[in-house]
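The values are calculated or read from the model by the stated rules, or taken from the named source; none is laboratory data. It should be emphasised that the depicted structure is a prediction, and the values quoted were computed from it without experimental measurement. Because the Cβ atoms are built from the backbone with ideal geometry, glycine has one as well, and the counts that use them run over all protein chains shown.
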């Protein structure tokens, strides 16, 4: 299965390094422009459909892509952002201050972090794999499927596809609205 991964366009939290988690934060003007640029760059790829996280920033991005690519959008909870629990809405600086041991673990061995109310990377991986099984049956064609999601989801998906440990999570840079092609076995 060939996927084209697109992280949603920029939101204000991205610039201020705040964990937006599952907030309903919309795209900035720059994020809208990024989504349009991504869509224009994907013209002619022959995608068979668009699957999006149901969060506002992802559905806004997906709607822009759908208009340009003339493709319907389906949302799936399997690809919604990591539940951040007590870190949601906090800046990285605040998390480092209020949760120093957890912050250190998150930066050294992110797959090992377990915090009440916060989803683990392993739980995210299970959710993504369930979503991929669904996507294979919903989109059985050989054309690429466009997936619009979030940084945590895309990092875990890429690591899983590569067979890399989830503790490599922090090593992947996933820019806003830059398409990434990925083959899934």
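A compact table of results
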{"item": "Meets criteria (touching a helix residue (DSSP H, G or I) at 6+ places or on another chain (Cβ under 8 Å), closer than 20 Å to residue 180 by Cα and surrounded by fewer than 17 Cβ atoms within 10 Å (Cβ to Cβ)) for residue 43", "result": "yes"}
{"item": "Looking only at the stretch 137-146, and only at residues there that are within 17 Å of residue 181 (Cβ to Cβ) and at pLDDT 95 or above, the one that is surrounded by the most Cβ atoms within 10 Å (Cβ to Cβ)", "result": "146"}
{"item": "Search result, residues across the stretch 1-11 that are touching a helix residue (DSSP H, G or I) at 6+ places or on another chain (Cβ under 9 Å) and either within 20 Å of residue 119 (Cβ to Cβ) or surrounded by fewer than 19 Cβ atoms within 10 Å (Cβ to Cβ) (or both)", "result": "1, 5, 7, 8, 11"}
{"item": "Residue ID - surrounded by the most Cβ atoms within 10 Å (Cβ to Cβ), chosen from residues in the stretch 169-185 that are free of Cβ contacts under 8 Å to residues at least 60 places away in the same chain and in contact with a helix residue (DSSP H, G or I) (Cβ under 6 Å, 6 or more places away or on another chain)", "result": "169"}
{"item": "Some residue of the stretch 147-167 being more than 26 Å from residue 42 (Cα to Cα), in contact with a helix residue (DSSP H, G or I) (Cβ under 8 Å, 6 or more places away or on another chain), modelled with pLDDT of 95 or more and part of a helix (DSSP H, G or I)", "result": "yes"}
{"item": "Any hit, the stretch 81-95, residues being surrounded by fewer than 14 Cβ atoms within 10 Å (Cβ to Cβ) and in contact with a strand residue (DSSP E or B) (Cβ under 9 Å, 6 or more places away or on another chain)", "result": "yes"}
{"item": "Positions within the stretch 168-185 being under 19 Å from residue 78 (Cα atoms), in a loop (DSSP other than H, G, I, E, B) and within 14 Å of the chain's Cα centre (by Cα), in sequence order", "result": "174"}
{"item": "Every pair of residues 6+ apart whose Cβ atoms lie under 8 Å, when the first sits in the stretch 98-114 and is surrounded by fewer than 17 Cβ atoms within 10 Å (Cβ to Cβ) while the second is outside any helix (DSSP H, G or I)", "result": "98/90; 105/113; 114/120"}
{"item": "Residue under evaluation residue 24, criteria (1) part of a loop (DSSP other than H, G, I, E, B); (2) surrounded by 16 or more Cβ atoms within 10 Å (Cβ to Cβ); (3) within 15 Å of the chain's Cα centre (by Cα), criterion not met", "result": "(2)"}
